[in-house]
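What follows draws every value from the coordinates through simple rules; no lab data is involved. Predicted model only: the values in this text are computed from it and were never measured. A quick note on method: Cβ atoms are made from the backbone with ideal geometry, for glycine too, and the neighbour counts reach across all protein chains shown.
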Amino acid sequence: MRKAIIAGNWKMNKTPAEAAELVKALVPAVKDADCDVVVCVPATDFAAVKEAAEGSNIKLGAQNVHFAKSGAFTGELSADMLKACGVEYVVIGHSERRQYFGETDKTVNARVRACVAAGMTPIICVGELKDERETGYTDIIVEYQTLMALHGLSNDEVKASVIAYEPVWAIGTGLTATDEQANETIGVIRKAIERKYGKDVSDAVRIQYGGSMNPGNVKGLMAQPEIDGGLIGGASLKAPDFTSVVLYNK
Ligand code: PEP
């Protein structure tokens, strides 16, 4: 049995004071969650979130990591730096980074390797554009993105990774893949992992759905056998909404 994992992706939102307020509200609210709970926050909020989440079941996540150990990369943060701040999870290859910041499957892979080498868990985002779904290329796209991102990891490292299937047309749009569409495409991703790494790996790896997941649709999505959790954008910014998503089975 895979343990579900619900992660909030705050994107470029919340000052440290706002971050602390949100996490302080979440700590008692999600303490009995059956799933792993993560908040992926701006680096400027790491210290505030770490302090507010101290002793709780809420884990700290980042939204990106650079692939180099150190050096002349103005504005970037290395895996060792994140790790030293208490970061345990890193969102890598989010579609907004692919779309606005030139992220490629190759750089996603380099970031995943750096993240894993530093002892953190990558949350690797894959997903098709609207026209790719409409032209029937969803499966090829998500298989390729997934296998490229995992390239070079050991079987155990793949097992411990988290994949987030996020159809790009469903992110921040209010559109959600149907429960069946999400389940089917996540099944395609799992099959691709099985072909390359074997069934014990594909049975272990956790694959989330992301794309306008919210208190109203979380139950249906989480009832699907392939879906092991969610990566939550908009609905992670308000304590009551994120709490309802995290407590989807209560
Ligand atoms: C995301 O940013 O990964 C995301 C899924 O956003 P939203 O929930 O707002 O669609």
The Cα extents of segment 200-250 along the principal axes, largest first and rounded to whole Å, are 37, 19, 14
Relative contact order (percent, whole number), the chain, Cα cutoff 8 Å, 6+ residue spacing: 21 percent
Compute the length gained on full extension between Ala160 and Ala117: take 0.36 nm times their separation in residues and subtract their Cα-Cα distance, giving the result in nm to one decimal. 14.2 nm
Using only the Cα atoms of the chain, what do you get for the radius of gyration and for Dmax, in Å? 16.7, 48
Using the C-alpha gyration tensor of segment 1-146, what are the square roots of 5 times its eigenvalues, in whole angstrom, with the largest one first? 27, 20, 14
For segment 61-124, what does the relative contact order come out to in percent, with C-alpha contacts under 8 Å and a separation of six or more? 41 percent
Among Trp169, Trp10, which comes first, second and so on when ranked by fewest other beta-carbon atoms within 10 Å? Trp169, Trp10
Once each part is reduced to its C-alpha centroid, what is the distance from segment 1-71 to segment 74-131 in angstrom? 16 Å
Taking N as the residue count of segment 99-215, its alpha carbon Rg divided by 2.2 N^0.38 Å gives 1.03
Using helices alone, I'd like the mean residue ellipticity at 222 nm for the chain: each DSSP H run of four-plus residues gives -39500 (n - 2.57), total over residue count, nearest 500. -12500 deg cm²/dmol
In whole Hz, with x marking every Gly and Pro, tabulate ³J(HN,Hα) for segment 235-250 from phi via Karplus 6.51 cos²θ - 1.76 cosθ + 1.60, θ = phi - 60°. 6, 8, 8, 10, 4, x, 5, 5, 4, 4, 5, 4, 9, 4, 9, 9
Filter the chymotrypsin sites (Phe, Trp or Tyr not before Pro) in segment 16-107 to those in DSSP coil with at most 16 other Cβ atoms within 10 Å of their Cβ, and list the result. Phe73, Phe101
In nm, to one decimal, how far is the modelled label at Ala84 from the one at Met12, with both set 7 Å along Cα→Cβ? 2.6 nm
Once R0 is set to 30 Å, what does the formula 1/(1 + (r/R0)^6) return for the Cβ-Cβ distance between Glu76 and Arg2, expressed as a FRET efficiency to the nearest 0.05? 0.40
HN-Hα couplings for segment 55-60 via Karplus (6.51, -1.76, 1.60; θ = phi - 60°), in whole Hz with x for Gly/Pro, come out as x, 9, 8, 8, 9, 8
Give, to the nearest whole percent, the P(r) tail of segment 2-45 beyond 11 angstrom, counting all Cα pairs. 68 percent
Which loop-located GluC sites (Glu not before Pro) does segment 1-92 contain, where loop means any DSSP state but H, G, I, E or B and the Cβ has at most 13 other Cβ atoms within 10 Å? Glu54
For segment 5-246, the dipole about the Cα centre with charges only on Cβ (Lys and Arg +1, Asp and Glu -1), to the nearest 20 debye, works out at 460 debye
Over segment 120-170, what is the relative contact order in whole percent, taking alpha-carbon pairs under 8 Å and six or more residues apart? 62 percent
